[in-house]
Amino acid sequence: MKNKKILIVAAHPDDEVLGCFGTVARLILLGYEAYTLILGEGKTSRDKTRNVSNKADELKTLNNEILKANEVIGIKEVFTENFADNRFDSIDLLDIVKAVDKVKNLIKPDIIFTHFANDLNIDHRITYNAVLTATRPMIDECVREIYSFEALSSTEWNYPQSFAPDVFYDITQTLSLKQKAMSIYASELRKYPHPRSIDGIELIAKYHGMRVGLKYAEAFKTVRILR
């Protein structure tokens with residue numbers, strides 16, 4: 001039986017770490033192959049108007065952080081697009097679907113981890129829709145499992161909250177790898193009590209672990225499983 005392949009589809013750099021790196025690190029140790037697709041360029045939404053050239057140095061630093069962070073857990077290859085940060089709603093959905101479809105057809109993953117449908121962040125919601133569109137359950141579709149993850153400082157900031165996970169992975173042995181990967185994203189990391197912090201990552205893992213009798217866990221919402 002061939003090793004299963006995983007594709008993480010994230011809107012922004014660091015979403016992949018926050019969402020599922022503890023779980024994917026564990027699955028890689030079990031022999032899975034894992035890949036990451038990051039759709040947005042990051043950074044430019046923090047200015048009054050989008051100007052990529054003004055952010056060239058920061059984007060170069062961020063791109064280096066992407067590669068180094070993904071290396072920490074053994075991601076086989078990282079794919080990036082440059083869709084406008086926090087402006088996915090200004091882009092034709094079809095263009096984003098095609099970006100997901102291109103990588104999906106190249107990798108042919110069995111499993112996809114992606115964003116939750118009802119995150120506060122518009123890019124996260126559109127990424128979720130693009131993944132569902134690119135993986136419509138046709139007779140020859142390779143993707144057999146799709147899971148939504150939460151992204152700290154987005155999922156829990158929406159109201160009313162609706163992330164109700166039904167799958168929990170024990171990440172007791174791999175939480176430190178997730179934290180190490182996040183620490184590489186120095187330009188995205190924040191200090192506690194901001195959720196997007198090293199302490200925040202541990203606290204949410206402890207919370208989900210407590211819910212299911214584990215020390216640390218990551219939680220997901222099942223989108224589709226084909227058996």
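Mark the label point 7 Å from the Cα of Thr222 along Cα→Cβ and return the residues of the range 122-148 whose backbone N is within less than 13 Å of it. Those under the cut-off are 145-148. Measuring nothing but how far apart in sequence close Cα pairs (under 8 Å, 6+ apart) lie, relative to its length, the range 83-170 scores a relative contact order of 33 percent.
Among complete DSSP H helices in the chain, those whose alpha-carbon atoms stretch at least 24 Å along the helix's long axis and whose mean Kyte-Doolittle hydropathy reaches -1.0 are 56-73.
Estimated from helical segments only, the mean residue ellipticity of the chain at 222 nm is -12000 deg cm²/dmol, where each DSSP H run of four or more residues counts as -39500 (n - 2.57).
Figure legend: label point modelled 7 angstrom from the Cα of Ala164 along Cα→Cβ; residues of the range 209-227 with amide N under 15 Å from it are 220-223. Can you match Cα extents along the principal axes in Å to one of these, (i) 43, 43, 32; (ii) 52, 44, 34; (iii) 46, 45, 36, based on a calculation from the structure here? Comparing each candidate, only (iii) matches the computed number. In this view, the solvent-accessible surface of Ser90, computed with a 1.4 Å probe and all protein chains in place, comes to about 90 Å². Normalising the average separation of contacting C-alpha pairs (under 8 angstrom, six or more residues apart) by the number of residues puts the relative contact order of the chain at 25 percent.
Looking at the chain, the accessible area is 48 square angstrom per residue; that uses a 1.4 Å probe and ignores ligands, DNA and RNA. When a 1.4 Å probe is rolled over the protein heavy atoms, the share of accessible surface on the chain that falls to carbon and sulfur comes to 51 percent.
Rounded to the nearest 20 debye, the dipole magnitude of the chain is 360 debye, with +1 charges on Lys and Arg beta carbons, -1 on Asp and Glu beta carbons, and the Cα centre as origin. Pair-distance distribution of the range 4-121: all C-alpha pairs, bin width 5 Å, starting at 0; shares per bin in whole percent are 2, 11, 22, 23, 20, 14, 6, 2, 0, 0.
Per the Kirkwood formula applied to alpha carbons, the range 158-226 shows a radius of gyration over Rh ratio, Rg over Rh, of 1.01.
The values are calculated or read from the model by the stated rules, or taken from the named source; none is laboratory data. These figures come from a predicted structure and were not determined experimentally. Because the Cβ atoms are built from the backbone with ideal geometry, glycine has one as well, and the counts that use them run over all protein chains shown. What goes into the accessible areas is simple: the full protein's heavy atoms, side chains included, and nothing from ligands, DNA or RNA. Shrake-Rupley method; radii C 1.70, N 1.55, O 1.52, S 1.80 Å.
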